[in-house]
């Protein structure tokens, strides 16, 4: 009986020591080492890939944002936000155009629409969004060809939070942005080119334009 109690005590003590050691190693030392390496080697990414403008953090290069006009009635939740057309616009957030359940790139509502490709509601939303893109981006000297409207202009990404648009969608917006900001089209085209990133390692993914960085560059240009 004494041996049994003694053995049990030794096992409990060994288990307790193992718990303490593993807690310190896995719960304290390991996280500190990983965090330290991340801060030293990848400080920007470890801190959320923050984007600054004028010395202030204005967003993350990983999360899209909306560029809308202020609501006429800020207290009216049903009032539909209207895009501020002097800025480059992102792709729709979660869902499609104005019918999205996530119209503000809300991080708590990430996801897709779950509507099938032949769903009548989805088809109508895509057509309406396409008509809006053509109307909003056509100017006195430039008419958007509906056939040139890319898919990302009328549909969201899988997460609904994509910060990038395709170069094709950015190109469609150039004339409208130039007109609204009283800039030369060539100047705005250069902004798009300068803010277009290529494929990862030259072959993975597609070229993209980060809308937040592009609009910061646009703001700096207009202030000059």
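Every number in this text was worked out from the coordinates using simple rules, so none of it is lab data. Keep in mind that what you see is a predicted model, and the values were worked out from it rather than measured. We place every Cβ from the backbone using ideal geometry, glycine too, and count neighbours over all the protein chains shown.
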Neighbouring Cβ atoms within 10 Å as the yardstick, rank 42, 203, 88 fewest first. 203, 42, 88
Inter-part distance where segment 180-221 and segment 151-168 are each reduced to a Cα centre, Å: 15
Helix axis angle, 120-137 relative to the chain longest principal axis, alpha carbon, degrees: 60
Would you look at the GNM of the chain, springs on alpha carbons closer than 10 Å, and say which of 15, 54, 160 moves the most? 15
Suppose a student asked you for the relative contact order of the chain, using Cα pairs under 8 Å spaced at least 6 residues apart; what percent would you report? 18
Fluctuation leader among 72, 45, 121 - the chain, Gaussian network, Cα springs under 10 angstrom: 72
So the FRET efficiency between residue 53 and residue 26, C-beta based with R0 = 41 Å and rounded to 0.05, is 0.55
Between helix 211-223 and the chain, what is the angle of the helix's C-alpha long axis to the longest principal axis, kept within 0 to 90° and rounded to the nearest 10? 50
Once you treat every alpha carbon in the chain as an equal point and sum by Debye, what is log10 I(q)/I(0) at q = 0.08, 0.09, 0.10, 0.16 Å⁻¹? -0.43, -0.50, -0.58, -1.19
Could you put 206, 189 in order, starting from the residue whose Cβ has the fewest other Cβ atoms within 10 Å? 206, 189
Going by alpha carbons, how many degrees (0 to 90, nearest 10) lie between the helix axis of 30-41 and the longest principal axis of the chain? 40
Per-pair calculated FRET efficiency, R0 = 41 Å: residue 12 and residue 197 via Cβ, rounded to 0.05: 0.10
Give me the distance in nm between label points sitting 7 Å out from Cα along the Cα-to-Cβ direction at residue 181 and residue 19, one decimal. 6.1
Dimensions of segment 2-46 along principal axes (Cα, Å, largest first)? 60, 10, 7
Can you put 180, 17 in order of Cβ neighbours within 10 angstrom, beginning with the fewest? 17, 180
Can you compute the FRET efficiency between residue 78 and residue 37 using 1/(1 + (r/R0)^6), with r the Cβ-Cβ distance and R0 = 41 Å? Round to the nearest 0.05. 0.25
Percent relative contact order for segment 141-208, counting Cα pairs under 8 Å at least six residues apart, stands at 27
With Cα springs under 10 Å, the Gaussian network model of the chain assigns the largest mean-square fluctuation among 33, 174, 192 to 33
Multiply the residue gap between residue 221 and residue 85 by 0.36 nm, knock off their C-alpha separation, and tell me the result in nm, one decimal place. 47.3 nm
